[in-house]
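Structure first, commentary second.
The values are calculated or read from the model by the stated rules, or taken from the named source; none is laboratory data. Being a predicted model, the structure only gives us computed values, none of them experimental. Backbone-built Cβ (ideal geometry, glycine too); neighbour counts: all protein chains shown.
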Amino acid sequence: MSAGSGSAERAEQGVILYMHGGGYVAGSRATHRPITAALARLTRRRVLSLDYRLAPEHRFPTALDDALAAYRWLLWQGSAPDTVALAGDSAGGGLVLGLALRARGEDLPQPAGR
């Protein structure tokens, strides 16, 4: 994955692509690890938690570009779109919505729960 970096929690099937909160200026996969670990445990799915690039060093739409790159990477790695769920908290929730709209606008296969 060229944009940002991520970590995956272990689980059985499917994957959750998770975007952390923090107003697009703070937060990381490390600060939100308790949430992603709980998601993995409760859903029995892998969780890819994305460290998207933060403002103000990186202006809009950089975080959205990173989210789209992560979704494309999951598809490229062989994840079936209907097994990929998007999740996020606070600003990450807005990023998830933007990702879903952008994926649809680019005619990408839609993730689960659309």
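Consider Ala40 carefully, then state whether it is in contact (Cβ under 8 Å) with a residue 12 or more places away in the chain, crowded, with 16+ Cβ neighbours inside 10 Å, closer than 10 Å to Met19 by Cα and touching a strand residue (DSSP E or B) at 6+ places or on another chain (Cβ under 7 Å). So Ala40 does not fit the description; no. Is there a residue being in contact with a helix residue (DSSP H, G or I) (Cβ under 7 Å, 6 or more places away or on another chain) and closer than 19 Å to His32 by Cβ anywhere in segment 100-114? Taking every residue of segment 100-114 in turn, none turns out to be in contact with a helix residue (DSSP H, G or I) (Cβ under 7 Å, 6 or more places away or on another chain) and closer than 19 Å to His32 by Cβ.
Counting only strands (runs of 3 or more DSSP E) that fall entirely inside segment 1-98 and contain at least 1 residues that are modelled with pLDDT of 95 or more, the qualifying elements are 15-19, 46-51, 84-88. Could you tell me whether any residue of segment 104-114 is at pLDDT 95 or above, within 22 Å of Gly22 (Cβ to Cβ) and not in a loop (DSSP other than H, G, I, E, B)? No - not one qualifying residue is present in segment 104-114.
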